[in-house]
Amino acid sequence: GKGGFGVVYEAQDQMLERRVAIKFLRPGSHREQFLREARAISTFKHPNIVSIYDVGTLEESDCLYIVVKRN
């Protein structure tokens, strides 16, 4: 899927054996807005809002990502 700042893929967390979504920052998008979105989402606790499990940067491309799971 596509979001406002990036592209979203469904994935399998191999270590914890669960389905997750990984959102990658779209090239040319604003890094600070992407991180602000992650920080905002992390403050909510609600069954209809995803939980953030990881935020980071891919070493090989310096691309930001957010890993989330539905509650």
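The values are calculated or read from the model by the stated rules, or taken from the named source; none is laboratory data. Not measured: the values here are computed from a predicted model. Methodologically, a virtual Cβ is constructed for each residue, glycine included, from the backbone with ideal geometry; neighbour enumeration extends over all protein chains shown.
For segment 8-34, the set of residues classified as among the polar types (S, T, N, Q) and not in a strand (DSSP E or B) consists of Gln14, Ser29, Gln33, listed by residue number. Restricting Glu37, Glu60 to those that are surrounded by 10 or more Cβ atoms within 10 Å (Cβ to Cβ), modelled with pLDDT under 90 and either assigned to a strand (DSSP E or B) or among the charged types (D, E, K, R) (or both) reduces the list to Glu37. In this structure, Phe24 qualifies as at pLDDT 90 or above, touching a Gly at 6+ places or on another chain (Cβ under 6 Å) and not acidic (Asp, Glu).
Filtering segment 40-57 to residues that are of a type in the set (A, V, I, L, M, F, W, C) and in a loop (DSSP other than H, G, I, E, B) leaves Phe44, Ile49, Val50. Scanning segment 40-71 for residues that are under 11 Å from the mean Cα position of the chain (by Cα) and among the basic types (Lys, Arg) gives a single hit, Lys69.
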